[in-house]
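Peer 1: Below is the structure I would like to discuss, written out as structure tokens.
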Amino acid sequence: MGKTNVYVDGFNLYYGCLRATPYRWLDLEAFSSILLPQDDIKRIRYFTARVKARPGSPGVDSRQLAYLRAIGTLPKVSVHFGHFLSHSVRMPVAAPQVNGPKTVEVIKTEEKGSDVNLAAYLLMDAFEKDCDTAVVISNDGDLKEPLRMARDLLRVKVGVVNPHIDGNRSKALAQYADFYKVVRKTALARAQFPPEMTDDRGIFHKPPSW
């Protein structure tokens, strides 16, 4: 059996099927094995960016650090960081008052780099024949071209796992996939880390709000 690499779009996964659920303490190795029970998984690449606490979301940074520490115990997982870019932009008011302002200045924060990093590592691994099958966990249509190149030019079997359990499907990705799956809640429930974990730094715990 050939080797399979898994490429996880961290924020797409989080906002697609983990946010506001009890499944955020997700073991990526167990999850990948449940999704791909017949595959020999060689490596799992996880793409994300470091978040910062905000008034509306206190503790989000410490929760992410705990999760990064948890997946750091998994020998097959490597983490690849993009970054956040914040800048002020003027946006239209949804329901402006009579004689009131029609626009308002807001702080817009965008995650940058994860999709580019995922595409780069996918193509690098395919070119170097690091895997026979590449499975991308994302619903981001911007990844369609690297999927096409990996499959049609570099002759790697390509799978897509859609993390959006609401059924929102990227047709752009599906057309370049040799197989296509959708994340199920039962798979998430079966692939949870234990509440208490240990690494070389000691004991740590699942965040209380998770």
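The values are calculated or read from the model by the stated rules, or taken from the named source; none is laboratory data. Here the structure is a predicted model, which is why all the values come from computation and not from measurement. Counting neighbours? That spans all protein chains shown, and the Cβs are built from the backbone with ideal geometry, glycine included. All accessible areas refer to the heavy atoms of the entire protein, side chains included, with ligands and DNA or RNA removed. Shrake-Rupley method; radii C 1.70, N 1.55, O 1.52, S 1.80 Å.
Peer 1: Could you work out Rg/(2.2 N^0.38 Å) for region 126-210, with Rg from alpha carbons only? Spell out each step's value before the answer.
Peer 2: Values: Rg = 17.0 Å, N = 85, 2.2 N^0.38 = 11.9 Å.
It is 1.43.
Peer 1: Would you mind telling me which residue in 78, 32, 114 has the biggest mean-square fluctuation in a Gaussian network model of the chain, where springs connect alpha carbons within a distance under 10 angstrom?
Peer 2: Comparing 78, 32, 114 in a Gaussian network model of the chain, the most mobile one is 78.
Peer 1: Measuring from a point 7 Å past the Cα of residue 200 along Cα-to-C-beta, which residues in region 37-73 have an amide N at less than 16 Å?
Peer 2: 69-73
Peer 1: To continue, here is another question. Counting only residues 5 or more places away or on other chains, whose amide H sits under 5 Å from the amide H of residue 181 once H atoms are built in the peptide plane?
Peer 2: Answer set, sorted by chain and number: 160, 161, 162.
Peer 1: Just read off the accessible area of residue 131 with the full protein assembly in place, 1.4 Å probe, to the nearest 10 Å².
Peer 2: Approximately 10 Å² for this residue.
Peer 1: Now for a different question. Taking a 1.4 Å probe, which of 176, 15 shows the most accessible area, and what order do the others take after it?
Peer 2: On the way: 176 45, 15 130 Å².
My answer, sorted largest first, is 15, 176.
Peer 1: So if each residue of separation counts as 0.36 nm, and I subtract the Cα-Cα distance between residue 120 and residue 155, what length gain in nm does that give? The partial results should precede the final answer.
Peer 2: On the way: separation 35, 0.36 × 35 = 12.60 nm, distance 1.62 nm.
Extra length from residue 120 to residue 155 when fully extended: 11.0 nm.
Peer 1: With +1 on each Lys and Arg Cβ and -1 on each Asp and Glu Cβ, how big is the dipole of the chain about its Cα centre, in debye rounded to the nearest 20? Can you show the working numbers first?
Peer 2: Numbers: 30 positive and 23 negative charges, 88 e Å.
Here the chain has a charge dipole of around 420 debye.
Peer 1: How much accessible surface does residue 181 have with a 1.4 Å probe, in Å² rounded to 10?
Peer 2: Here the accessible area works out near 70 Å².
Peer 1: Taking the alpha carbon gyration tensor of region 1-83, what are the square roots of 5 times its eigenvalues, largest first, to the nearest whole Å? If you can, show how the numbers build up before the last one.
Peer 2: Numbers: eigenvalues 129, 35, 23 Å².
Rounded to whole Å, the semi-axes are 25, 13, 11.
Peer 1: Another question, if that's okay. Go ahead and estimate [θ] at 222 nm for the chain from helices alone: -39,500 (n - 2.57) per DSSP H run with n ≥ 4, summed, over the residue count, rounded to 500. Walk me through the numbers before you get to the answer.
Peer 2: On the way: 7 runs with 53 residues, N = 210.
Only helices count here, giving -6500 deg cm²/dmol.
Peer 1: Also, quick follow-up: Under 5 Å between amide H atoms, partner at least 5 residues away or on a different chain: which partners does residue 131 have, H built in plane at 1.01 Å?
Peer 2: Excluding prolines and chain starts, which carry no amide H, there are no hits.
Peer 1: Tell me, what HN-Hα J-couplings in whole Hz come from the Karplus equation 6.51 cos²θ - 1.76 cosθ + 1.60 at θ = phi - 60° for each residue of region 38-46, using x for Gly and Pro?
Peer 2: With coefficients 6.51, -1.76 and 1.60, one gets 9, 9, 9, 7, 8, 8, 10, 9, 10 Hz.
Peer 1: Which pairs break 25 Å Cα to Cα here: 42/181; 52/76; 42/157; 144/181?
Peer 2: Numbers: 42/181 20 Å; 52/76 27 Å; 42/157 15 Å; 144/181 16 Å.
Listed pairs above 25 Å: 52/76.
Peer 1: Take the Cα radius of gyration of the chain and divide it by 2.2 N^0.38 Å, with N its residue count; two decimals is plenty.
Peer 2: 1.13
Peer 1: I would also like to ask the following. Measuring from label point to label point, each 7 Å out along Cα→Cβ, what is the residue 3 to residue 60 span in nm?
Peer 2: Result: 3.6 nm between the two label points.
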